[in-house]
Amino acid sequence: MASQRMLTSGNSRLVFQPEQNLLREAVVESGASRVFVLVDKNTEKHCLPYFLEQLGKPKGLTVVKMNAGEINKTEKNWLSVLAQLHDAMADRHALLVNLGGGVVTDLGGFAAAVYKRGIRYINVPTSLLAMVDASTGAKTGIDFRYTKNELGVFYEPEYVFIDSSYLKTLPERHFTAALAEMLKHSLLNSEDALKAFLGADFKDEKLMEKLIFKSVQFKSLIVQQDFRESGLRKQLNFGHTFGHAFESYYLNTEKILFHGEAVAVGLICALYLSQSCVHFQKDLLGRITDWIKDRFSLPIPDESEFEAIFSLMMRDKKNSGGSVLAVLLSSPGHPWHDKKINKKQVFEALDYYSKVVKGWL
Ligand code: GLY
């Protein structure tokens, strides 16, 4: 394993390729009254044995279980996690370790935030998406009434342990989907970061470790300056205004989209509007849509579905005063947040996206 590296993000310590000593110190010798590990059925099978091995197979850890997948990021499962903590007599000095992807780290963080008015927690992201985005930055929450992350709070984990060994058991579709969040970070970062990302060989494990570190480092720099998202941090929602609407729209269908896939859709739509509103380069728009085309299989909404997607966009929590607000990019590294976009522009972007994806077939 490559050597351990660290970053700080607010009061959280982000540890890359953690050494066993530090893991043990943070979890087993943390001074917590009890340690609880939250897993879903996938991470219980594929990740828990390795995690316990890393900790030296400690005794006395209690496993808390939740159902897997975005469809289960609900108040029902959140209450079930809280009930398991309560029934196991967890006190306010307990420690919760969230071992899983973004659904586990978001929901587990939100449970830690409210249980006995807040207990300590640690994130151990096991998916690429959780490593580069969901597990850092202290956003916790659940979906509500088919609206993404409608309920939640900012609540910081003590540690985030990012160990790329977990990616060995991650299904390819999950891995590819998460590349969209990394693409987003490199678009927001700089021309150089984007160039390096677009030319990368993602099968190269050493290179992947570096790209994960760079992606988290970029996000942490932004979060550090604007923890509560009053300005600068809004840029991290690039592609998410459209993306969240697509994710919610297809949530209960057989075309269910992973979060990263929805972000890929959102990036195409937001880059299209960036080109038409703030002069983003047309050939770069084409290059990025081609890059997405080579990796993703995405749905094509019919024109009759645009209205429903637009309604979901109107519910986005980043909106204000009844207008849809989006992040646009004039060039790599130069984002504009709170750009008002109207219904006509949304429909134009959806039309562009649909035609582009149809062209792939
Ligand atoms: N995922 C965007 C943020 O954490 O702000």
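Please report, ordered by residue number, the helices (runs of 4 or more DSSP H) entirely within the range 279-361 with at least 2 residues that are more than 25 Å from M182 (Cα to Cα).
306-314, 343-360
Sort out which residues of the range 235-256 are at pLDDT below 95 and not in a helix (DSSP H, G or I), and write them in order of number.
Listed by number, the residues that qualify are L251, N252, T253, E254, K255, I256.
Answer yes if at least one residue in the range 249-256 is of a type in the set (D, E), over 15 Å from L187 (Cα atoms) and buried (at least 24 other Cβ atoms within 10 Å of the Cβ), and no otherwise.
no
Let me spell it out: the conditions are (1) open to solvent by less than 70 Å² (accessible area, probe 1.4 Å); (2) modelled with pLDDT under 95, and F280 meets all of them except one. Which number is the exception?
Just one mismatch for F280, condition (2).
Run R24 past the list (1) at pLDDT 95 or above; (2) at positive phi and report the number of the one that doesn't hold.
(2)
Among the helices (runs of 4 or more DSSP H) contained in the range 40-114, which hold 2 or more residues that are charged (D, E, K, R) and surrounded by fewer than 18 Cβ atoms within 10 Å (Cβ to Cβ)?
Because the criterion is at least 2 residues that are charged (D, E, K, R) and surrounded by fewer than 18 Cβ atoms within 10 Å (Cβ to Cβ), the helices (runs of 4 or more DSSP H) in the range 40-114 that meet it are 41-46, 75-87.
Yes/no matrix, rows are residues, columns are (1) of a type in the set (D, E); (2) away from the ligand (no atom under 16 Å from the Cβ); (3) out of contact with any strand residue (DSSP E or B) (no Cβ under 7 Å at 6 or more places or on another chain):
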{"site": "T241", "(1), (2), (3)": "no, no, no"}
{"site": "L267", "(1), (2), (3)": "no, no, yes"}
{"site": "C277", "(1), (2), (3)": "no, yes, no"}
{"site": "S297", "(1), (2), (3)": "no, yes, yes"}
{"site": "D302", "(1), (2), (3)": "yes, yes, yes"}
{"site": "E307", "(1), (2), (3)": "yes, yes, yes"}
{"site": "V324", "(1), (2), (3)": "no, yes, no"}
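The values are calculated or read from the model by the stated rules, or taken from the named source; none is laboratory data. Bear in mind the structure is a predicted one, so any value in this text is a computation, not a measurement. Glycine also receives a Cβ, built like all others from the backbone with ideal geometry; neighbour counts cover every protein chain displayed. What goes into the accessible areas is simple: the full protein's heavy atoms, side chains included, and nothing from ligands, DNA or RNA. Shrake-Rupley method; radii C 1.70, N 1.55, O 1.52, S 1.80 Å.
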